[in-house]
1. Looking at Gly106, Gly29, can you tell me which residue is out of contact with any helix residue (DSSP H, G or I) (no Cβ under 7 Å at 6 or more places or on another chain), in contact (Cβ under 8 Å) with a residue 40 or more places away in the chain and more than 14 Å from Thr211 (Cβ to Cβ)?
2. On the basis of being at pLDDT 80 or above and surrounded by fewer than 18 Cβ atoms within 10 Å (Cβ to Cβ), does Val344 make the cut?
3. Kindly list the number of the only condition in (1) crowded, with 19+ Cβ neighbours inside 10 Å; (2) out of contact with any Asp or Glu (no Cβ under 7 Å at 6 or more places or on another chain) that fails for Thr211.
4. Give segment 214-235 a look and list any residue that's in contact with a Phe, Trp or Tyr (Cβ under 7 Å, 6 or more places away or on another chain) and open to solvent by less than 30 Å² (accessible area, probe 1.4 Å), or say none.
5. Just to be sure, is Lys93 in contact with a Gly (Cβ under 8 Å, 6 or more places away or on another chain) and open to solvent by 50 Å² or more (accessible area, probe 1.4 Å)?
6. Consider only pairs whose beta carbons are under 7 Å apart and that are at least six residues apart or on different chains; among these, list those whose first residue lies in segment 297-318 and is touching a residue at least 40 places away in the same chain (Cβ under 8 Å) and closer than 19 Å to Glu341 by Cβ and whose second residue is open to solvent by 60 Å² or more (accessible area, probe 1.4 Å) and of a type in the set (Asp, Glu).
7. Among Ala118, Ala151, which is the only one that is small (Gly, Ala, Ser) and either farther than 16 Å from Leu88 by Cβ or part of a strand (DSSP E or B) (or both)?
8. Please state which one of Ser19, Ser120, Ser75 is hydroxyl-bearing (Ser, Thr, Tyr), under 18 Å from the mean Cα position of the chain (by Cα) and surrounded by 15 or more Cβ atoms within 10 Å (Cβ to Cβ).
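The values are calculated or read from the model by the stated rules, or taken from the named source; none is laboratory data. Note that the coordinates shown come from a computational prediction; the quantities given were computed from them, not determined experimentally. We place every Cβ from the backbone using ideal geometry, glycine too, and count neighbours over all the protein chains shown. Side chains are part of the model used for accessible areas, which takes the heavy atoms of the whole protein and leaves out ligands, DNA and RNA. Shrake-Rupley method; radii C 1.70, N 1.55, O 1.52, S 1.80 Å.
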Amino acid sequence: MKPVHNLVVIIDASPSGVSGDKYLGALLGLGAKAETLRKVAGIVAQNLPGTHNVDVKVRKVERGEIGAQLVTIESGEKVEKRKGIQVLRSAEKCVETLRLSDWGAGFAISTIKTLLQAESRVHGHSAKDVELHELGSADTLVDVLGVAYLAESLGLDSATWWSSPVAVGGGTTRFSNRTYPNPPPAVAEILRKNHFAMERGLANVELSTPTGVAITVSLVSKYSESYPSIKPEIIGYGAGAKDLDGVANALRLMIGESMEAVHSHDEIVILETNLDDVSGEVIGRAVEKLMASGARDVTITPVYMKKNRPGHVISVISAKEDAETLADILMAETGTLGVRELPVIRHISPRKITEINVKVGGRDHRIRVKLSEDHEGRIVGRKLEYEDLSDQTGVSVRDIQKIAKTRIEPVQT
């Protein structure tokens, strides 16, 4: 695939939902190699105890008169179920053996943990002890690790992944000899935990699987009912196992160049609450716990409230998936009775981190430098992580700033 600037991958999740095999088929349709996927299957067979002869079959089929790649994974399983911790440890071994990039490793492990947390919540057991039947099979690991490995092979690890709301299907589904409404409990829990949009879809069957939904929420940085502005370059279709009436059971992935602003974007949440009867000690402790629990930033603003009482507004910048946890901490630590949640879109300049040598006290030290770029790759801003070096040397940040300025080139204009 030729290099594309501001690469975007669109996941058409609304018509017929998402599943692991659909993702694999769509990535093959984009140009990934079947042998690459078979390599993943072989490594899963080596690292998942109780598994042997994991076979990957790929063939071209039609779904709603659209040609699509159908991926079928067959494995010999000596066990019927596995505990969550066994699946996670096997995934970690496979990640290491495949030598996935930081992006690929992070995606794969995050997806497995998302599945385990959902099953844990549904069944009422810890994530490490929950027993997995279908989700504990080799198929699940091949789906997740295969998506990571194939996406990397296509150069999609640096892309922005976008999705429409996920179609989940109507009617009912059966597993464990019981009938459940669609979406299945694990699918519903993953969507709830990640604040991800869903819709019914056009079929009275299960359209999205837990693995497919976990892959989606781990890949996607934004979703919307309308497409972003892109110039499409490549399109791939991955077939679902069944040929359904009334809907083409295939997942479409489109790769293109973004036509939007040069900044990337992500969706974050601002949590806010007003306090007029809380001491500084309580507020300080709340800030410590919020930051330790994953808050991006916490600010305290002094204000005058009703009856001219002096008070404070605590504002917390949070990832969407952490908002509920941080709101609980805010209420528990301050005693506030309510927390406002404001969804916002953040504009982010492209950035990277490098290191420079700085001589302090006659010795060479490495100091990290965060570089921001414009859409043409030119450096437009720099920020040195002075605190790292100050902690190492005992020299004040002000003195290190003076030394480091002699090592930094001026920003390009």
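1. Gly29
2. Working: at pLDDT 80 or above: yes; surrounded by fewer than 18 Cβ atoms within 10 Å (Cβ to Cβ): yes.
Criteria met by Val344.
3. (2)
4. Passing the criteria: Ile215, Val217, Leu219, Val220, Pro228.
5. Criteria not met by Lys93.
6. Ile317/Asp297
7. Details: Ala118 fails: either farther than 16 Å from Leu88 by Cβ or part of a strand (DSSP E or B) (or both).
Sole residue among the options that is small (Gly, Ala, Ser) and either farther than 16 Å from Leu88 by Cβ or part of a strand (DSSP E or B) (or both): Ala151.
8. Details: Ser120 fails: under 18 Å from the mean Cα position of the chain (by Cα); Ser75 fails: under 18 Å from the mean Cα position of the chain (by Cα).
Within the list Ser19, Ser120, Ser75, the selection yields Ser19.
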